[in-house]
Number of protein chains: 2
Amino acid sequence: MRISELSERSGLPVQTIKYYIREGLLPRGTAAGATRAEYGAAHLERLRLIRALREVGDLPVAAIRRIIEALEDPSVGLHDLFGTTQYALGPHVAAPGDDPDWRAARADVDALITELGWRVDPKAPARDLLARTFLALRGLGFPVGLADLRPYVDAAVALGEHETGMLAEGTPREQALHGMLVTTVLHEQVMIALHRLAQENASARRFGSSPG
Amino acid sequence: MRISELSERSGLPVQTIKYYIREGLLPRGTAAGATRAEYGAAHLERLRLIRALREVGDLPVAAIRRIIEALEDPSVGLHDLFGTTQYALGPHVAAPGDDPDWRAARADVDALITELGWRVDPKAPARDLLARTFLALRGLGFPVGLADLRPYVDAAVALGEHETGMLAEGTPREQALHGMLVTTVLHEQVMIALHRLAQENASARRFGSSPG
DNA sequence: ATGATTGGATAGCAGTACTATCCAAGTCAA
DNA sequence: TTGACTTGGATAGTACTGCTATCCAATCAT
């Protein structure tokens, strides 16, 4: 198939596909003459993945490139891809090393993870993400202690185990890697959306004027 | 206090504060002469809120403006602010009305909400958010049925009720509104961060090479 | 042979969130 | 009083991201 057909079938403009090729998100088609290249089903599949990461996961193009590089590196295993994706997901919080409030928040996060006995890379960006949120909450006058996190921890444990359990052991490598990406990026969106819906429901029941 | 002190205490450059004033996120200081204006504790508090929404919630400036307009409108109640915030959180999915796959995904979402008996605005953006994620999952070959959502629904219900329950009835209006914002924006980040940490832990236990 | 299409390169554009400069009016230390 | 400095306010410029638009020569279909 040529690029125009790839464009039609993927729903992306030709120019955008060319852009993704330039950016290293999509391999070039196999050249068949100077003005002809052939694209296959793998290209279409890749474009679907890119769209999911861009439009649903809202990942920047540069992050998707890093993920795809890991995806194509045969030496990268499931858990490695996990780390790459988590790191690419960002945001990358610039930790102000000197702020004592920051250090306290970060220490709380580390203590929580230790207490739970979790195996989490000390450099995992989610640690800073959580610490920054603590800092903001406290700055706004909403103190957070470890006890307040109980419901979140419980929910996170349940979901994390469920999701990891869904990744079957026997599947071929490429499929397993795709599954891992889907788990980290798309299931996070599922969780966010359902959380918002549940919040709205709870709020409507408690504060809503009339049952509508 | 003058703008330079406000800058120091908030940690934001003077130019950025001026920008926020221009954009309607922060009220002007009370004028005290042609080249002098006085800022108070309310300004500092507001800047803290803005920083939390920008840096932690990653909300665009335009969305923060809409939230703050609702915050300052005395006719807006708790549940109204909830809707405004949810809408401002975005993303605003442009629904392709003709795509049958889209319609199926959206119908699934609506059916789920009906079945759960949730009170959710039919125009709530989280419905489209969830539908779009379904669509992407299915497009990548990961079929999602309502049964697969059980763990997410359970987690969302638990968190939604916990969070709404934390908003005490008797608190003064401004405090209650702040609490609502914090619940919808910052607690979502707490959930995301803990989910990622729990995923990494589960992945390390299942796929990690050595217990590190 | 001729008009359309292609791959590939380069340049341009729109949106966002700042950041820098400028200016006249006012303040304050000497 | 004078002269360096600060302030509020306005305007213009910048950096980054994610596309789009245009161009060109080669080449394919008819």
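The values are calculated or read from the model by the stated rules, or taken from the named source; none is laboratory data. None of these values were measured; they are calculated from a predicted model. Positions of Cβ are generated from backbone atoms using ideal geometry, with glycine treated the same way; all protein chains shown enter the neighbour counts.
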Fill in the blank from the handout: Reported set for region A:107-148 where residues are within 7 Å of chain B (Cβ to nearest Cβ) and assigned to a helix (DSSP H, G or I) is A:I113, A:A126, A:L129, A:L130, A:R132, A:T133, A:A136, A:L137, A:G139
Practice task
Could you please let me know if B:I50 is over 19 Å from A:Q189 (Cβ atoms), within 13 Å of chain A (Cβ to nearest Cβ), within 16 Å of DNA strand C (Cβ to nearest atom) and surrounded by 13 or more Cβ atoms within 10 Å (Cβ to Cβ)?
Solution key: yes
Fill in the blank from the handout: All-but-one check, B:A62 against (1) surrounded by 17 or more Cβ atoms within 10 Å (Cβ to Cβ); (2) modelled with pLDDT of 95 or more, failing number (1)
Fill in the blank from the handout: A:I50 fails exactly one of (1) within 11 Å of DNA strand D (Cβ to nearest atom); (2) out of contact with any strand residue (DSSP E or B) (no Cβ under 9 Å at 6 or more places or on another chain); (3) over 30 Å from A:I192 (Cβ atoms), namely (3)
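Matching residues to (1) away from DNA strand C (no atom under 12 Å from the Cβ); (2) within 14 Å of another protein chain (Cβ to nearest Cβ); (3) at pLDDT 95 or above; (4) out of contact with any Lys or Arg (no Cβ under 8 Å at 6 or more places or on another chain):
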residue: A:Q15; (1), (2), (3), (4): no, no, yes, yes
residue: A:Y19; (1), (2), (3), (4): no, no, yes, yes
residue: A:L26; (1), (2), (3), (4): no, no, yes, no
residue: A:A32; (1), (2), (3), (4): no, no, no, yes
residue: A:T35; (1), (2), (3), (4): no, no, no, yes
residue: A:Y39; (1), (2), (3), (4): no, no, yes, no
residue: A:R46; (1), (2), (3), (4): yes, yes, yes, yes
Handout entry: Flag for B:E55 being under 13 Å from the mean Cα position of the chain (by Cα) and within 12 Å of DNA strand C (Cβ to nearest atom)
Key = yes
Practice task
Tell me, yes or no, whether region B:186-198 has at least one residue that is of a type in the set (A, V, I, L, M, F, W, C), within 28 Å of A:V120 (Cβ to Cβ) and touching a residue at least 12 places away in the same chain (Cβ under 8 Å).
Solution key: yes
Exercise for the section: Inspect all residues belonging to region A:189-209 and state whether any of them is of a type in the set (K, R), surrounded by fewer than 19 Cβ atoms within 10 Å (Cβ to Cβ) and facing chain B (nearest Cβ under 7 Å). Expected result: yes
Problem - All positions within region A:156-172 that are in contact (Cβ under 8 Å) with a residue 12 or more places away in the chain and among the charged types (D, E, K, R) - result: A:E163
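Kindly check whether there is at least one residue in region A:169-177 that is in a helix (DSSP H, G or I) and surrounded by 17 or more Cβ atoms within 10 Å (Cβ to Cβ).
Yes, region A:169-177 contains at least one residue that is in a helix (DSSP H, G or I) and surrounded by 17 or more Cβ atoms within 10 Å (Cβ to Cβ).
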Exercise for the section: Within region B:166-186, identify whether any single residue is at the interface with chain A (Cβ under 7 Å from one of its Cβ atoms), within 17 Å of the chain's Cα centre (by Cα) and modelled with pLDDT of 95 or more, and answer yes or no. Expected result: yes
Problem - Scope region A:14-47; condition without any contact (Cβ under 8 Å) to a residue 12 or more places away in the chain and within 12 Å of DNA strand D (Cβ to nearest atom); matching residues - result: A:V14, A:Q15, A:T16, A:Y19, A:I21, A:R22, A:A31, A:A32, A:G33, A:A34, A:T35
Exercise for the section: Starting from residues that are within 14 Å of chain B (Cβ to nearest Cβ) and not hydroxyl-bearing (S, T, Y), keep the ones in region A:1-13 and report whichever is nearest to DNA strand D (Cβ to nearest atom). Expected result: A:L12
Practice task
Among the numbered conditions (1) facing chain B (nearest Cβ under 7 Å); (2) farther than 30 Å from B:T171 by Cβ, tell me where A:P151 comes up short.
Solution key: (2)
